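Only one structure is covered here, and it is reproduced in the block below.
The values are calculated or read from the model by the stated rules, or taken from the named source; none is laboratory data. Everything quoted here is computed from the prediction, not taken from an experiment. Cβ: placed from backbone, ideal geometry, glycine included. Neighbour counts: every protein chain shown. Just the protein is used for accessible areas: all its heavy atoms, side chains included, with ligands, DNA and RNA removed. Shrake-Rupley method; radii C 1.70, N 1.55, O 1.52, S 1.80 Å.
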Amino acid sequence: MAIRSNNKVLIEDILSEEFILDKNYVFNYRIQEAIARDNFQESEVYPYPQSKIENPEEGMVSLVEKRKLTPFIKKEESKSIEWNLLMSKTIMDLDEYTGDVFDVVRVLWTEQKQKDSSGMISLTVDDILQFRQESPHKHLADGTPVYHKQKRIKAMQELTKLFSLTLSLGRKVEDVEVDPKTGVVLNISETEEVKSLFYIGDYKMYYENDEPLGFEQVYVRPGNILMENLLLEEEEDKSNMRLMSQQALKYHFKHQVYHKRLTRYLNLAWDLNKKLKQISLYSYPISGEKGLLSVMGLEITDNRKKKPSVFLEEFTRILEDLREDGVIGSWRYGTPDGELDPELLNKRGWLFDYFLKQRVIITPPKNIAPFFKVEEEEVQALQSYLSVASEVESVIKGDIPLTPRILANVKDKLDLSDRQLAKVSKVSQPTISRLMTDESTFMKLRKNTKERLLEWLSSVLPVLEK
C-alpha cells in the first residue's frame, strides 16, 4: 500500500539539513507543546476543551480548541457527513505523535513552492512517515517507499486529530447595554472569529469495512492566524529566523518523549535572533517550575524516589543522547568540577537535598550559528559562579569546611570587600583575612564566631542561589 508524492525530493532536501528554518518558533512551539502534551482544559462555562497560547512577538493570546469543526475550504454536505462520521470514530487524545504531525505539515507547507491557487499543497500520509524517518516495509522499483499498514493508519489518525483543532484570538466585546437609571449592565454582546488550524480541499479517504479511517492524501493549508506566523517574505532576513532541530522529529514519540521535549525546549532557549547574540551561556535548574524536569515532564514518581540512582542514570542518559546526536554541544553540572559529588550522593536523602538543587550548564552545538561560539573559559567561569550556592549549603550543613576559595567566590558573587564582609557577617576583619588565606582557620574558629558566620551564610544563601 503506497501512494506517490510530489514532496519526496523536498523532504529529502529538508532532512539533509540538521536544522529547519522557522519564522516564529516561540508561537509554533507553544502550539506544538499544547498538542503534544494534550494540554487542553475543560470548564463548565465553555463547551470546548481549550489551551491558551501566548504569542509574545505579537503581544496576543490565542486559543487552540478541540471544536471538531469541518475543516473544508468549501462547505459541501457530502464532505460534512463524511467528516462527522470520521470524527465519531476519533478519540481526541493528543500526544507527541500529533505534535510531530503539526510540525511536519507546517514545515512542508512553508517549504513547498508548488501551491495551488488556494495556497494549498498536496500532502500524503507517506510524507509524514518519510519526514519522521520511519522505516519502510519495502521499496517499489522506482524507489517509492512502502510502509506497513498499521504505521500508515496511525499517521492518518493523528492527521485527522490535527485537522479537528481550531484557533481563535478569543472573544471581542462589541456592545454593552447598560440601564441608564441604575447603571446595571443588562447585556454584553461578544464576537469570536474561529478558524480551523488547517484547512483542507480535495482529499483521498482511506476506508476499511465501509468505515473511514483517515486521509491518505489531502490538499491542505494553514488557517489564516497560523499562516501569518509561517509565511516568510522574500526580502526577510533569514539570519533572524529560528532553527528547529531535525532530531526533535527523529526521536520516538513514545520511547524518547523526554528527548523530544528537551530538544524542542532548548531550540526555544536558543531562539536565534539578534538579541541572542549577546547571550552565550545559560544554566538550567533541574527542579522548579521552569526546571529541566518540568520542561521534559519527567516526574519524580514514588518508584523513582525508591530508586533515585536509576532516576539519575535516566536523566544522565537523556543529556548524553542529546550530546551524541548533536542537539547540544556539551553539558555539565554547575559544580567546581562539573560533576556531582560522590560523597554527597551516598548521603541519605541526596535526591531532594542535593541533586534537585543543582543547575546544569548546556552549550549549544557549534554548528547552530556562527555567533554561538562558547569558549571553555566561559563555561568554567559560569561553573565556578554556580557552584557557590551549592558549596555554601554544604558548609552550613557541616558536610565540608569553609575554604578560602569558597569564601572568595561568595565575596565575588555578592560584590563585597573584606571590610564589608566583616561588617555584614559580624566577624572581625582580621578573622576574615585569615579565612581568606588559611585553609585551617574555619575549623579553629570559636563556637560563637563560627555560628555568626554560618548564620550570615544561611541568610545570603537565597541570593547566592539566584
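Do we find that Tyr48 is of a type outside the set (Val, Ile, Thr) and modelled with pLDDT under 85 in this structure? Spelling it out, Tyr48 is indeed of a type outside the set (Val, Ile, Thr) and modelled with pLDDT under 85. Scanning segment 412-447 for residues that are under 15 Å from Val460 (Cβ atoms) and of a type in the set (A, V, I, L, M, F, W, C) yields Leu414, Leu416, Leu421, Ala422, Val424, Val427, Ile432.
Across segment 348-384, the number of residues qualifying as surrounded by 12 or more Cβ atoms within 10 Å (Cβ to Cβ), at pLDDT 65 or above and over 23 Å from Leu464 (Cα atoms) comes to 3. Scanning segment 19-27 finds no residues that are at pLDDT 85 or above, assigned to a helix (DSSP H, G or I), closer than 27 Å to Arg261 by Cβ and out of contact with any strand residue (DSSP E or B) (no Cβ under 6 Å at 6 or more places or on another chain).
Of all the numbered requirements in (1) among the small types (Gly, Ala, Ser); (2) modelled with pLDDT of 85 or more; (3) not in a helix (DSSP H, G or I), Ala34 misses one, and that requirement is (3). If the condition is being buried (at least 16 other Cβ atoms within 10 Å of the Cβ) and farther than 22 Å from Leu69 by Cβ, then segment 164-183 contributes no residue at all. Taken over segment 385-398, the criterion of being modelled with pLDDT of 80 or more, more than 13 Å from Lys357 (Cβ to Cβ) and not hydrophobic (A, V, I, L, M, F, W, C) is satisfied by Gly398 alone. Summed over segment 119-148, the residues that are surrounded by 12 or more Cβ atoms within 10 Å (Cβ to Cβ) and of a type in the set (Gly, Ala, Ser) give a count of 2. Being surrounded by fewer than 18 Cβ atoms within 10 Å (Cβ to Cβ) and β-branched (Val, Ile, Thr) is a condition met by at least one residue of segment 441-453. A single entry from Gly329, Gly297 fulfils the requirement of being over 23 Å from Val388 (Cα atoms), surrounded by fewer than 16 Cβ atoms within 10 Å (Cβ to Cβ) and touching a residue at least 24 places away in the same chain (Cβ under 8 Å): Gly297. Would you say Lys161 is surrounded by 14 or more Cβ atoms within 10 Å (Cβ to Cβ), at pLDDT below 90 and either charged (D, E, K, R) or out of contact with any His (no Cβ under 6 Å at 6 or more places or on another chain) (or both)? No, not satisfied. Among helices (runs of 4 or more DSSP H) entirely within segment 181-274, having at least 1 residues that are within 26 Å of Glu54 (Cβ to Cβ) and at pLDDT 90 or above singles out 257-269. Counting the residues of segment 399-421 that are within 39 Å of the chain's Cα centre (by Cα), within 16 Å of Arg452 (Cα to Cα) and either aromatic (Phe, Trp, Tyr) or open to solvent by 40 Å² or more (accessible area, probe 1.4 Å) (or both) gives 0. Considering only residues that are open to solvent by less than 50 Å² (accessible area, probe 1.4 Å) and either touching a residue at least 60 places away in the same chain (Cβ under 8 Å) or farther than 13 Å from Val392 by Cβ (or both), which ones fall in segment 422-432? Across segment 422-432, the qualifying residues are Ala422, Val427, Thr431, Ile432. Do we find that Leu165 is under 29 Å from the mean Cα position of the chain (by Cα) and closer than 15 Å to Lys8 by Cα in this structure? No: the conditions fail for Leu165. Can Leu186 be described as closer than 23 Å to Lys66 by Cα and either of a type in the set (A, V, I, L, M) or open to solvent by less than 30 Å² (accessible area, probe 1.4 Å) (or both)? Judged against the criteria, Leu186 is not a match. Listed conditions (1) in a loop (DSSP other than H, G, I, E, B); (2) open to solvent by less than 20 Å² (accessible area, probe 1.4 Å); (3) not hydroxyl-bearing (Ser, Thr, Tyr) are all met by Leu86, apart from (1).
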